[in-house]
Structure formats: C-alpha cells, structure tokens
Amino acid sequence: MDKRIIKMIVVLTATAVLSGGILALVYKKAEPLIEANRLRELKKAIFLVLPEAKDYKTVEKKGFNIYIGIDENGSQVGYAFVATGPGFQGKIKMMVGLANDMKTLTGMKVLEQVETPGLGNRISEDTFQGQFKGLSTEPEITYVKNKKPEKPNEIQAITGATISSKSVVAIVNKELKKVVKALKEEEVEKTYGP
Amino acid sequence: MPEIKEKKDDLLIVSSSPHIHTVENIPRIMHNVILSLFPPMGVSVYFFGMNALLLMLTSTVACILTEYVFQKGRKKEITIGDGSAIITGLLLALTLPPAFPLWAAALGGIVAMSLGKHIFGGLGYNIFNPALLGRAFLQAAFPVMITTWSAPLTGSIPVDGVTTATPLSLMKFEGQMTPYLNLLFGNVSGSLGETSAIAILIGAIYLLYKGYINLRQPFSYIGAIFVSGGIFWLISPDKYPDPIFHILSGGVMLGAFFMVTDYVTTPTTPLGQWIFGIAAGFLVVIIRLFGGLPEGVMYSILLMNAITPLLNRYTRPKIFGEVKVG
Amino acid sequence: MAPDGEVTLSKDFIKGLWKENPVIRQILGMCPTLAVTNSATNGLAMGLATTFVVISASTIVSIIKSLVPRQVRIATYVIIIASFVTIADLFLAAKFPSISKALGPYVPLIVVNCIILGRAEAFASKHPVHRAFIDALGMGVGFSWALILLGSIRELLGFGSIFGFKIMGAWFTPWIIMILPGGAFITLGIIIGLINQFTGSRTVDTSCH
C-alpha cells in the first residue's frame with residue numbers, strides 16, 4: 001500500500017483513539033457530578049411543591065415516576081410528579097405536588113419552558129405558580145381572566161399570556177388525572193390484593 | 001435586419017407607471033394622503049379623546065426628527081417637507097391602542113424611520129412599510145402594552161381607560177361577536193384609526209377620486225379576506241366568524257386603503273398588485289383563525305412586502321418585441 | 001526598540017481584538033453570537049468556552065501540524081475541536097449547571113463555529129506554537145468582548161439589568177424584543193453599522209493570510 005495512505009490512516013486513528021481516551025476520562029470524572037446536579041435540582045423541586053417533606057422516595061407506577069414525600073417522622077405528606085406538555089411555543093415541564101387526599105395541590109413549579117420572555121414565561125413567576133398551592137382539583141382546574149379567582153379550583157391567567165396559562169392548566173389537569181388513576185389503582189390493589 | 005436587432009438591445013426596459021422616482025409629485029400626493037387621513041384621525045379623537053391626538057403628534061414628531069437626523073448625518077438633502085415622514089408617523093399612531101404610552105410611540109416612530117426607511121436609503125428604497133415595521137417592533141417589544149385596549153369613551157377624556165378586549169380578541173378567545181353598526185362607526189375598542197370603517201372609506205374615496213390609489217389593491221385584499229373568510233364560515237359557522245365581520249373588524253380597512261396601496265412597498269405591475277392583495281388577504285384570515293394572535297393585518301402586509309421585489313420582477317409586462325433573456 | 005519576535009506576537013494578539021475581530025469585522029461565528037447573547041452572563045460564558053476551545057485546538061493543531069498529512073487535516077482538526085468542545089460541555093454541566101442550561105445546545109454547537117476551524121486552518125497550521133496560541137487568545141478575547149457587549153446591551157434593554165444587576169429603575173419598561181432573536185439581529189446590525197460609520201473602514205482586508 002501507498003505509504004501516504006498508511007500515514008493518513010495512522011494519524012486519523014491515533015487522533016481518534018487519543019481523543020476518545022481523553023473524553024472517556026473526562027466523562028468518568030464529570031458524570032457523577034452531572035448526576036448529582038440533576039438529583040439536587042429534582043430534590044429542590046420536590047421539596048418546593050411538597051413543603052412539609054424532608055425526604056422522598058421514588059415509586060414507578062404505569063410509567064410514571066411518582067415521588068412520595070415523607071416528613072421527619074417518616075409519615076407520608078403527599079405526592080409529587082413531573083407533568084410535561086405543549087405550551088405556546090414549546091414544551092412546558094413542571095413539578096406538581098399533590099396532597100395525600102389527591103384532591104388538593106400542594107404546589108407547582110415550572111422546571112423547563114420556552115414561552116415568550118416577559119409574557120408567557122411569567123408562568124415561572126411565584127405569583128402565578130403560587131396560585132396552585134392549595135388549589136382544589138375537583139372539579140377540574142380552570143382559569144379566569146382579568147379578575148380575582150372566586151372558586152377554589154380557579155386560578156387567574158396572566159394578562160397577555162392566556163395561551164401559556166391555559167396550557168399550564170391543561171397539562172396539570174391531564175397529567176393529574178393519569179397520576180391519580182395510577183395511584184388509586186395501586187390503593188385498590190393494596191386493599192383487596194393478595 | 002441586423003441594425004434593428006442591435007438597436008433593440010440598446011433599449012432601456014422600463015416598467016409601466018407609476019414610476020417611483022418622479023420626485024416633483026411626491027409632496028402633492030403625500031399632502032393629499034395626509035388630508036385623506038383626517039376622517040379616521042378625527043373619529044379617533046372623538047372616540048378616544050386627547051391621548052389619541054397626543055399619540056399622533058408624538059409619533060409624527062418622532063418620525064420627522066429621525067428623518068432629519070438621518071439625512072443631516074448622512075449629508076443628504078433634507079426631505080421632511082415632502083410629507084412622507086408625517087404619513088408614516090400618522091399611520092403608525094393610527095395602529096396603536098389609545099392608552100399607549102407616548103414615549104413608546106416616539107420609540108416606534110424612531111424605529112419606523114430608522115430601521116424601516118433610512119437604513120435602506122430613504123424614500124423609495126425601503127422594503128417594508130415603515131409604519132408597520134415600527135408597529136411590529138412595538139408589538140414584539142411591548143406585547144402587553146400594545147394589547148391593552150381601552151373602551152371608547154365617547155367625547156370625554158380617558159382618565160384611566162377601562163381595559164376591554166377588541167372585537168377580534170372577543171371573537172377569538174370568547175367566541176363573542178360585535179354588532180356591525182358599531183364596527184362601521186367605530187365605537188368599539190381597538191387601535192386609534194382602525195375602529196371606524198366609514199371614516200376610513202371617506203378618506204379612501206377621496207384618494208380614489210383624486211386618482212392616487214387604484215381599486216385593484218384594496219379590492220383584491222378585501223375580496224380575498226371576504227372569500228377565504230367566507231369559505232371557513234361556510235365550513236363551520238359556529239366556529240368561525242362570518243366574512244363581513246372579518247372585513248369590518250381590526251385593521252383590514254386601514255390596511256387595505258392606506259398600506260396595501262403604498263407606492264414603495266407594494267408591486268407596481270397590475271398583476272403583481274392582484275397577487276399581492278389576494279395573498280395578503282388570505283394570510284390575514286389564516287393568521288386570525290389559526291395563529292396565536294387575534295389580528296393578522298400587520299404581518300400579512302409585512303410578509304407580502306418582503307416578496308414585492310420578486311413580484312415586480314416576475315410580473316413585469318412584456319414590452320412589444322422584447323426578447324426574453326436568460 | 002522591541003525585538004521583532006515581540007512585535008509579531010503583540011500584533012498577532014491585537015488583530016483579533018479589533019482589526020480582524022471575528023464578530024464585528026469578519027462576521028464569523030454568528031450562530032452563537034446571535035443565539036446566546038440575551039444576557040451579559042451568557043455572552044461571557046459562551047465567550048470563555050469558545051476561547052478555551054480555540055486556544056486548545058489551535059495549540060494542538062500547531063504542535064502536530066507537521067505530522068498530519070494534508071489530505072486528512074480537516075478531519076483531524078474536527079476531531080480535535082470536537083473533543084475540546086465535549087470537554088467544555090461536560091465541564092460546564094458538571095460545575096456550572098445553570099449556565100450549561102442557559103446556553104443549551106449552543107455549547108456543543110461550538111464545534112461548528114467557523115472561528116475555530118478558521119484559525120486552525122488559516123493560522124495555527126502554518127505558524128509556530130507560541131504564535132498560534134497568541135493568535136487564538138486574541139481571537140477568543142475579541143469574540144468574548146463582542147459577545148459581552150452584545151449581551152449587555154440586550155440585557156440592559158430587555159431586562160433592565162447588566163450581569164444580573166438592576167440598572168434601570170422601576171420606571172423602565174423592558175423591551176421584550178431585545179431578548180428575542182430579533183433583538184440580536186437588530187443590535188448586532190446597529191453595532192456593526194455604527195462602527196463602520198465612524199471608523200470609515202468598510203472594506204477591511206479580512207482574508208486569512
């Protein structure tokens with residue numbers, strides 16, 4: 001074979017192997033830190049929507065990761081789950097906290113969203129998120145515009161960002177229904193199961 | 001015959017009238033356009049009070065000053081006397097909500113003149129309608145302020161305007177209709193100059209009578225809105241508004257007679273004007289019914305402005321004996 | 001008088017700051033320039049990450065320039081650049097998760113930033129290591145300051161703050177458009193336009209040696 005071609009193969013292979021080796025080392029160092037960051041974020045979000053929780057455990061139900069909050073005495077204070085769905089411009093991802101009775105929300109925190117800055121992205125503000133604390137989920141959550149909410153299942157939409165507000169409500173309603181169903185089935189199993 | 005062939009190649013190919021660069025006519029046309037804007041201006045002051053007048057004044061002054069600064073800075077002839085800056089300022093103000101802050105209107109005027117007109121080289125060179133470009137900037141910069149509408153406070157001065165929804169957002173978000181008579185006279189909420197269809201028509205008839213605008217563009221624009229709006233209405237009358245509501249509400253009238261007819265930013269050939277009007281009208285209905293915003297007039301015209309050079313190029317009438325090159 | 005070597009070195013450094021500034025003169029690397037500069041902090045982070053990659057890549061390329069056959073040089077450069085970008089990406093995700101989140105996909109996208117391959121191909125592969133290093137440093141700093149300037153203007157008008165510090169009072173209404181993509185184009189266009197207007201040098205020789 002041509003000497004030139006051999007040199008090309010050797011150089012490229014050497015570069016690739018060296019790069020791969022170095023990257024593997026870096027990844028090994030960085031990976032646990034990245035995972036720790038992810039868990040810390042998750043924990044922060046769970047404790048935010050379940051204010052009484054001091055610890056949590058993860059259970060998997062029907063493809064959902066449900067986080068059960070536990071207080072310092074070890075008793076259950078509620079459930080938290082991640083709700084994802086379409087917003088005005090892209091995906092909205094939220095952590096939602098649900099009380100033990102499964103009829104009241106204990107909080108909501110927007111984790112990821114790409115709504116319009118200054119308008120839709122105000123769903124991440126505490127004034128909006130805070131409305132979900134203590135919100136009744138029966139009947140379904142609804143929103144009102146330009147006035148104070150009157151019923152226990154109502155929140156006030158953000159002025160000028162009706163679509164984003166509507167999306168949040170719709171996502172929470174939809175995911176909540178699924179989670180509650182999954183949890184209730186579990187209860188049935190607990191009660192009547194073998 | 002070889003001589004004729006040679007001569008033909010030397011011919012300068014010109015498009016049909018109107019020609020953009022007939023400078024001596026610009027001031028007269030512009031002053032008449034300003035005159036034709038008086039009815040909608042008057043109605044807006046009647047329905048929305050002093051702030052309407054101040055808004056028009058502010059944005060016009062901002063436009064004139066910006067034009068002056070640019071032309072002075074670039075050592076060009078100062079042409080603020082030709083009235084085009086005044087028209088941009090007035091049209092911009094007429095598309096703003098009545099309670100819009102004056103400083104923001106001034107900013108809109110500065111953007112309209114600088115980014116909309118002078119960055120391209122001044123009158124005749126701009127691609128986009130400057131007033132609409134200014135408004136698009138304001139819409140993107142202050143989305144809450146520009147959608148905060150006050151109810152018409154007939155005659156009185158708006159103290160702290162009661163916020164209401166425009167007929168279009170009532171339709172889009174609440175499924176609620178507004179009576180045609182209100183849309184005709186203009187005692188509904190909306191931008192300063194767009195609420196009264198009759199006032200705009202009076203100004204438009206004057207311009208048509210004077211021969212400064214032709215019917216092709218407004219007709220194709222409104223017609224396309226009527227037809228495409230009508231199709232959706234026939235498909236599902238409960239879900240979509242009727243075509244008459246479409247053409248009477250929002251900025252359709254103002255856009256059709258004062259923006260689709262702009263000499264600089266719309267096609268100069270008749271066929272191009274038809275295509276422009278029909279496509280823009282179709283866009284209005286699509287944006288209104290399926291877009292995130294309740295109103296689509298501004299973006300429909302701006303989008304079509306962008307392809308105007310293309311329309312001019314491909315709809316150029318063939319001159320007798322012209323040989324297609326390339 | 002300074003020795004010739006120093007003159008060349010300082011020239012290598014200075015040219016990236018102004019005369020051949022990648023952003024405002026060469027109009028290179030527009031993707032990160034426009035996409036991440038909605039705040040000064042993001043501009044700084046992107047500037048630093050890019051500077052790290054351009055310096056590392058240029059240095060390595062300059063070291064191995066005599067070993068790499070001409071035919072596979074681009075492929076080799078890209079492997080080297082991609083490795084450093086991945087390192088930068090992992091580092092940010094591990095140590096500065098919030099910045100990593102804010103910059104999103106634009107950190108991995110440094111791979112395709114033409115400044116880096118441009119410096120490797122146009123300068124580092126033809127000059128000794130110390131000059132390649134200084135050239136890359138100049139380009140990195142030039143890129144960074146342009147991004148910080150752009151980010152500061154957009155953050156000031158779009159949020160009323162710079163580096164997160166509130167500058168504007170309560171009277172100020174943020175111009176939302178400035179933190180949207182449109183604001184990036186408008187701001188960059190105005191900056192380049194003003195610089196051209198006042199320096200009067202509209203046609204600067206940006207060809208790469």
| task | Spot the failing condition for A:Arg40; the list is (1) surrounded by 12 or more Cβ atoms within 10 Å (Cβ to Cβ); (2) of a type outside the set (Asp, Glu); (3) within 9 Å of chain C (Cβ to nearest Cβ), and only one is missed. | result | (1)
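Just a yes or no: is a residue in region C:14-26 within 13 Å of chain A (Cβ to nearest Cβ), surrounded by 23 or more Cβ atoms within 10 Å (Cβ to Cβ) and not small (Gly, Ala, Ser)? Talk me through it step by step, then tell me what you get.
Going residue by residue through region C:14-26, those that are within 13 Å of chain A (Cβ to nearest Cβ) are none.
No, region C:14-26 contains no residue that is within 13 Å of chain A (Cβ to nearest Cβ), surrounded by 23 or more Cβ atoms within 10 Å (Cβ to Cβ) and not small (Gly, Ala, Ser).
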| remark: If you go through B:Tyr263, B:Tyr299, the only one that is within 21 Å of B:Thr88 (Cβ to Cβ), of a type outside the set (S, T, N, Q) and in a loop (DSSP other than H, G, I, E, B) is B:Tyr263
| note | Counted residues in region B:129-147 being in contact (Cβ under 8 Å) with a residue 40 or more places away in the chain and part of a loop (DSSP other than H, G, I, E, B) come to 1
| said: If I filter region C:30-41 for residues that are among the hydrophobic types (A, V, I, L, M, F, W, C), touching a strand residue (DSSP E or B) at 6+ places or on another chain (Cβ under 8 Å) and more than 26 Å from C:Glu121 (Cα to Cα), do I get at least one hit? | reply: yes
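Select from region C:158-186 the residues that are loosely packed, with under 13 Cβ neighbours inside 10 Å and more than 13 Å from chain B (Cβ to nearest Cβ) and list them in ascending order. Steps first, please.
Of region C:158-186, the ones loosely packed, with under 13 Cβ neighbours inside 10 Å are C:164-166, C:169-171, C:181, C:185.
Answer for region C:158-186, where residues must be loosely packed, with under 13 Cβ neighbours inside 10 Å and more than 13 Å from chain B (Cβ to nearest Cβ): C:Gly164, C:Phe165, C:Lys166, C:Gly169, C:Ala170.
Would you point out the residue of region A:110-140, among those that are away from chain C (no Cβ under 14 Å) and within 15 Å of the chain's Cα centre (by Cα), that is nearest to A:Gly90 (Cα to Cα)?
First pass over region A:110-140, keeping only residues away from chain C (no Cβ under 14 Å): A:123, A:126-140.
Cutting the leftovers down to within 15 Å of the chain's Cα centre (by Cα) gives us A:123, A:129, A:132.
Values: A:Ile123: 13, A:Gln129: 19, A:Phe132: 21 Å.
Applying the filter and picking the extreme gives A:Ile123.
Quick grid of which residues meet (1) of a type in the set (A, V, I, L, M, F, W, C); (2) without any contact (Cβ under 8 Å) to a residue 60 or more places away in the chain; (3) more than 26 Å from B:Thr147 (Cβ to Cβ); (4) out of contact with any Gly (no Cβ under 6 Å at 6 or more places or on another chain):
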{"site": "A:Lys91", "(1), (2), (3), (4)": "no, yes, no, yes"}
{"site": "A:Gly97", "(1), (2), (3), (4)": "no, yes, yes, no"}
{"site": "A:Leu111", "(1), (2), (3), (4)": "yes, no, yes, yes"}
{"site": "A:Gly120", "(1), (2), (3), (4)": "no, yes, no, yes"}
{"site": "A:Glu125", "(1), (2), (3), (4)": "no, yes, no, yes"}
{"site": "A:Pro139", "(1), (2), (3), (4)": "no, yes, yes, yes"}
{"site": "A:Thr142", "(1), (2), (3), (4)": "no, yes, no, yes"}
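Would you say A:Ala24 is more than 9 Å from every other protein chain (Cβ to nearest Cβ), on the phi < 0 side of the Ramachandran plot, free of Cβ contacts under 8 Å to residues at least 12 places away in the same chain and not β-branched (Val, Ile, Thr)? Let's see the steps before the verdict.
Working: more than 9 Å from every other protein chain (Cβ to nearest Cβ): yes; on the phi < 0 side of the Ramachandran plot: yes; free of Cβ contacts under 8 Å to residues at least 12 places away in the same chain: yes; not β-branched (Val, Ile, Thr): yes.
It is true that A:Ala24 is more than 9 Å from every other protein chain (Cβ to nearest Cβ), on the phi < 0 side of the Ramachandran plot, free of Cβ contacts under 8 Å to residues at least 12 places away in the same chain and not β-branched (Val, Ile, Thr).
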| Filter region A:114-133 for residues that are at pLDDT 85 or above and either of a type in the set (A, V, I, L, M, F, W, C) or in a loop (DSSP other than H, G, I, E, B) (or both); which is surrounded by the fewest Cβ atoms within 10 Å (Cβ to Cβ)? | A:Glu125
| query | Checking C:Leu147 against (1) away from every other protein chain (no Cβ under 14 Å); (2) closer than 15 Å to C:Val61 by Cβ, which single condition isn't satisfied? | reply | (2)
| Has region B:169-189 got at least one residue that is farther than 19 Å from B:Ser44 by Cα and of a type in the set (Ser, Thr, Tyr)? | yes
| said: Against the definition (closer than 24 Å to B:Ala197 by Cβ, in contact with a strand residue (DSSP E or B) (Cβ under 8 Å, 6 or more places away or on another chain) and of a type outside the set (D, E, K, R)), how does B:Ala136 come out, yes or no? | reply: no
| Based on what the data block shows, is B:Phe47 within 14 Å of chain C (Cβ to nearest Cβ) and part of a helix (DSSP H, G or I)? | no
| field | Within region C:87-140, tally of residues that are in a loop (DSSP other than H, G, I, E, B) and either within 29 Å of A:Glu35 (Cβ to Cβ) or touching a strand residue (DSSP E or B) at 6+ places or on another chain (Cβ under 7 Å) (or both) | value | 3
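Report yes if C:Ile116 is more than 9 Å from every other protein chain (Cβ to nearest Cβ), over 24 Å from A:Ile6 (Cα atoms) and either among the small types (Gly, Ala, Ser) or touching a Ser or Thr at 6+ places or on another chain (Cβ under 8 Å) (or both), otherwise no. So that I can check it myself, show each step before the final result.
Details: more than 9 Å from every other protein chain (Cβ to nearest Cβ): yes; over 24 Å from A:Ile6 (Cα atoms): yes; either among the small types (Gly, Ala, Ser) or touching a Ser or Thr at 6+ places or on another chain (Cβ under 8 Å) (or both): yes.
Answer is yes for this residue.
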| field | Tally, over region B:77-116, of residues that are assigned to a loop (DSSP other than H, G, I, E, B), in contact (Cβ under 8 Å) with a residue 40 or more places away in the chain, farther than 22 Å from B:Val297 by Cα and over 18 Å from the mean Cα position of the chain (by Cα) | value | 2
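Suppose we keep only residues that are facing chain A (nearest Cβ under 7 Å) and under 19 Å from A:Gly21 (Cα atoms) within region C:61-79. Which one would you say is surrounded by the most Cβ atoms within 10 Å (Cβ to Cβ)?
Taking region C:61-79 first, the residues facing chain A (nearest Cβ under 7 Å) are C:67-69, C:71-72, C:75-76, C:79.
Subsequent filtering for residues that are under 19 Å from A:Gly21 (Cα atoms) retains C:75-76, C:79.
Working: C:Ala75: 15, C:Thr76: 25, C:Ile79: 16.
Checking each candidate, the answer is C:Thr76.
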| note | Cβ pairs under 6 Å, 6+ apart or interchain, first in region B:35-62 and free of Cβ contacts under 8 Å to residues at least 24 places away in the same chain, second among the small types (Gly, Ala, Ser), ordered by first then second residue, are B:Val45/B:Ala52
| Of the residues that make up region B:197-216, is at least one modelled with pLDDT of 80 or more, within 30 Å of A:Val144 (Cα to Cα) and of a type in the set (Ser, Thr, Tyr)? | no
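Pull up region B:172-214, narrow it to residues that are of a type outside the set (Gly, Ala, Ser) and within 14 Å of another protein chain (Cβ to nearest Cβ), then point me to the one that is nearest to A:Thr162 (Cα to Cα). Spell out how you get there, then give the answer.
Pass one, region B:172-214, residues of a type outside the set (Gly, Ala, Ser): B:172-174, B:176-185, B:187-188, B:192, B:194-195, B:198, B:200-202, B:205-210, B:212-214.
After this cut, where a residue has to be within 14 Å of another protein chain (Cβ to nearest Cβ) as well, the list is B:172-174, B:176.
Values: B:Lys172: 12, B:Phe173: 9, B:Glu174: 12, B:Gln176: 17 Å.
Out of the qualifying residues, it is B:Phe173.
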| Which residues, counting only those in region A:152-169, are away from every other protein chain (no Cβ under 14 Å), in a loop (DSSP other than H, G, I, E, B) and not polar (S, T, N, Q)? | A:Pro152
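When you look at C:Ile99, is it more than 10 Å from chain A (Cβ to nearest Cβ), more than 19 Å from C:Ile115 (Cβ to Cβ) and either buried (at least 18 other Cβ atoms within 10 Å of the Cβ) or among the polar types (S, T, N, Q) (or both), yes or no? Step through it out loud before you land on a result.
Working: more than 10 Å from chain A (Cβ to nearest Cβ): yes; more than 19 Å from C:Ile115 (Cβ to Cβ): yes; either buried (at least 18 other Cβ atoms within 10 Å of the Cβ) or among the polar types (S, T, N, Q) (or both): yes.
Considered against the rule, which asks whether it is more than 10 Å from chain A (Cβ to nearest Cβ), more than 19 Å from C:Ile115 (Cβ to Cβ) and either buried (at least 18 other Cβ atoms within 10 Å of the Cβ) or among the polar types (S, T, N, Q) (or both), C:Ile99 comes out as yes.
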| said: Restricting to region B:117-151, and then to whatever is among the aromatic types (Phe, Trp, Tyr) and more than 9 Å from chain C (Cβ to nearest Cβ), can you tell me which residue is nearest to the chain's Cα centre (by Cα)? | reply: B:Phe128
| field | Residue tally, condition crowded, with 21+ Cβ neighbours inside 10 Å and within 13 Å of another protein chain (Cβ to nearest Cβ), over region B:90-103 | value | 2
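The values are calculated or read from the model by the stated rules, or taken from the named source; none is laboratory data. Keep in mind the model is a prediction, meaning the values are calculated, not measured. Cβ coordinates were reconstructed from backbone atoms using ideal geometry, including for glycine residues, and neighbour counts include every protein chain displayed.
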